[in-house]
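Asks: This is the structure, below, for whatever I ask next.
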Amino acid sequence: GQLPTWLQGILLRNGPGMHTIGDTKYNHWFDGLALLHSFTFKNGEVYYRSKYLRSDSYNCNIEANRIVVSEFGTMAYPDPCKNIFAKAFSYLSHTIPEFTDNCLINIMKSGDDYYATSETNFIRKINPQTLETLEKVDYNKYIAVNVATSHPHYDSAGNILNMGTSIVDKGKTKYLLFKIPSSVPETEKKKSCFKHMEVLCSIPSRSLLHPSYYHSFGITENYIVFIEQPFKLDIVKMATAYIRGVNWASCLAFHKDDKTWFHFVDRKTKKDVSTKFYTDALVLYHHVNAYEEDGHIIFDIITYTDNSLYDMFYLKKLSKDFEENNKLTSIPTCKRFVVPLQYDKDAEVGSNLVTLPTSATAVKEKDGSIYCQPEILCEGIELPHINYGYNGKKYTYVYATEVQWSPVPTKIAKLNVQTKEMLHWRADHCWPSEPIFVPSPDAREEDDGVVLTCVVTSDPKEAPFLLILDAKTFKELGRARVNVEMHLDLHGMFIPEKALKTETE
């Protein structure tokens, strides 16, 4: 096929790559050592490159020729790099296990720099052109977070907004919203942006020892949308996991009888809205988008009714009959919640406070809290991506992978969230990854541009390829085949040529 002439830049992808080291094997697919790969678009041609992230975890494991650094689903013993748990530990001294810098989930842009990220307090700077691993940054040196999301947001000035959990700090467990500025003052040219990190606000966890797990959050023009779900980490279990010989993943549990609480933090006053909004128990990884309309906050999320998804990716289940044998007990559902921030305080108990045209409801309860029920936008989509120019604003399109009852995606979908119409791309034996939307330089409409996705094939005779779709029509524009073994990856980003520093700089 043909590439649009304007498509110039690098698609960077990140995900787990190596699962066996010497005679040892990780238990879980999400534990694998990070493998970066990139597609560079230059004058109508595509160049591919891949490289393992040279994290400390990678270096220790390779040097020992076995797994010596614990990952979320795999506990390693003992650690020859250093004995992490030598000190007897109790949560009174709030010792949290030292996490890995195997940053395998996403890519983050900070000023002119790019970082591989995961959900720990470590990120690794990388060179997007050569995929070389550069310095390691520890958020915990600057603010008290033990874990952070790998789905930050960027404001109009390019500052990063992200959330992390501060576990039992000064006897409190809280969720912190923090900002990493995109640049430092002229007078401090040698200092890094991280020295200027600041906590914008904190939300106390409803439970000291059971903070909510979260993978992303939402943002509108005036608010941060944070969902405290009943999928929780048990800190006492985590503090004793090493001694008990279990992995950290076993310290996460879904409490199906609990509620899911919605927090809306005003970005100007940095205060959480005082009304208590909640819905039924759910498990959520990805926010799609959020925006404000006529005194309401509207947010779209992909939810599950249980936490079976994580369990499916234990490697012992990833056999060749994986597709047939593994059926999700809960299919991902794209839900729209509509929450009235401004409503008649004298409204009757039991009345629906939503005044917009939607089937989503927000019903006032006796105690003044508000029980929200969603509108279903569609079922079976995951790894959602939008035109980021519409992030936090009213939007129409989401691009996503489509999964049936198996957790492996088989199609790429484009959903119109206003009309619920869908377009699809699929091909036999093809497993596409997260689709990335790239706007065309003279875009007039939200879907003017292309959608890029890496496709691996379950047919050994077929080479994997990068797929380029017209975002408007979903017609295939071209494929770039890669004659190497490519892995299913997780997330990534497109870096336009103009955002890349030249090598001389």
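The values are calculated or read from the model by the stated rules, or taken from the named source; none is laboratory data. If you're wondering where the values come from, they're calculated on a predicted model, not measured in any experiment. Glycine gets a Cβ as well: all are built from the backbone with ideal geometry, and neighbour counts include every protein chain shown. The area values use the complete protein model at the heavy-atom level, side chains included, leaving out ligands, DNA and RNA. Shrake-Rupley method; radii C 1.70, N 1.55, O 1.52, S 1.80 Å.
Asks: Residue by residue, what Karplus-based ³J(HN,Hα) values in Hz, rounded to whole numbers, does the stretch 117-129 have, using 6.51, -1.76 and 1.60 with θ = phi - 60° and x for Gly and Pro?
Replies: My calculation for the stretch 117-129 gives 10, 9, 10, 9, 7, 9, 10, 10, 6, 9, 8, x, 7 Hz in order.
Asks: Give me the one-decimal nm value for the distance between modelled label points at Ala253 and Ile62, 7 Å along each residue's Cα-to-Cβ direction.
Replies: Distance between the two pseudo-spin positions: 4.0 nm.
Asks: What Kirkwood hydrodynamic radius do you get for the chain when you take the inverse of the mean 1/r over all pairs of distinct Cα atoms, in Å?
Replies: About 23.7 Å for the chain.
Asks: Rounded to the nearest 10 Å², what accessible area does His287 have for a 1.4 Å probe in the complete protein model?
Replies: 20
Asks: Might you tell me the accessible area per residue for the chain, computed with a 1.4 Å probe and given in Å²? It would help to have the intermediate numbers written out before the result.
Replies: On the way: 22150 Å² over 505 residues.
With the other protein chains kept in place, the chain gives 44 Å² per residue.
Asks: Quick one: if the Förster radius is 45 Å, what FRET efficiency do Tyr388 and Lys366 give, using the C-beta to C-beta distance and rounding to 0.05?
Replies: Numbers: r = 41 Å, r/R0 = 0.92.
With R0 = 45 Å, the Cβ-Cβ based efficiency is 0.60.
Asks: Report the Cα centroid-to-centroid distance between the stretch 249-287 and the stretch 139-168 in angstrom, as an integer.
Replies: Spelled out, the Cα-based centre of one part sits 17 Å from the other.
Asks: Then there is this: FRET efficiency for Lys141 and Ala463, Cβ-Cβ distance as r, R0 = 60 Å, nearest 0.05?
Replies: Details: r = 44 Å, r/R0 = 0.73.
Calculated transfer efficiency: 0.85.
Asks: A further question follows. Mind scanning Lys259/Lys345; Lys259/Lys366; Lys170/Lys364 and naming the pairs with a C-alpha gap bigger than 28 Å?
Replies: Lys170/Lys364
Asks: Can you give me the distance in nm between label points at Asn127 and Gln373, each placed 7 Å from the Cα along the Cα-to-Cβ direction?
Replies: For the pair Asn127/Gln373, the computed spacing is 5.8 nm.
Asks: Okay, next question. Could you order peptides 271-281, 26-36 by the average number of other Cβ atoms within 10 Å of their residues, highest first?
Replies: Top to bottom by mean Cβ count within 10 Å: 26-36, 271-281.
Asks: Still on this structure, please answer the following. Suppose R0 equals 41 Å; then what is the FRET efficiency for Ala347 and Ala443 from their Cβ-Cβ distance, rounded to the nearest 0.05? If you can, show how the numbers build up before the last one.
Replies: Details: r = 42 Å, r/R0 = 1.02.
So, using R0 = 41 Å, E works out to roughly 0.45.
Asks: Could you order Arg336, Arg49, Arg426 by accessible surface area, starting with the largest, using a probe radius of 1.4 Å?
Replies: Details: Arg336 20, Arg49 110, Arg426 130 Å².
Ranking Arg336, Arg49, Arg426 by accessible area, largest first, yields Arg426, Arg49, Arg336.
Asks: Check Gly295: other-chain or 5+ apart residues with amide H under 5 Å from its amide H, H built from backbone geometry?
Replies: none
Asks: If you don't mind, another one. Just grab the label-to-label distance for Tyr47 and Ala281, each label 7 Å out from Cα along the Cβ direction, in nm (one decimal).
Replies: With each label point 7 Å from Cα toward Cβ, the separation is 5.3 nm.
Asks: Using a 1.4 Å probe on the protein heavy atoms only, what accessible surface does His429 show? Give it in Å² to the nearest 10.
Replies: Taking all protein chains as shown, His429 has close to 110 Å².
Asks: Could I ask something else about it? If you roll a 1.4 Å probe over the stretch 9-499 with all protein chains in place, what percent of the accessible area is carbon or sulfur? Let's see the in-between values first.
Replies: Numbers: 10540 of 21020 Å².
Ligands and nucleic acids excluded, carbon and sulfur reach 50 percent.
Asks: Now for a separate question. Sort 231-242, 362-373, 111-122 by the packing proxy (mean of other Cβ within 10 Å over each peptide's residues), most packed first. Intermediate values should be presented prior to the final figure.
Replies: On the way: 231-242: 19.6, 362-373: 15.7, 111-122: 22.0.
Most protected by this proxy first, the peptides run 111-122, 231-242, 362-373.
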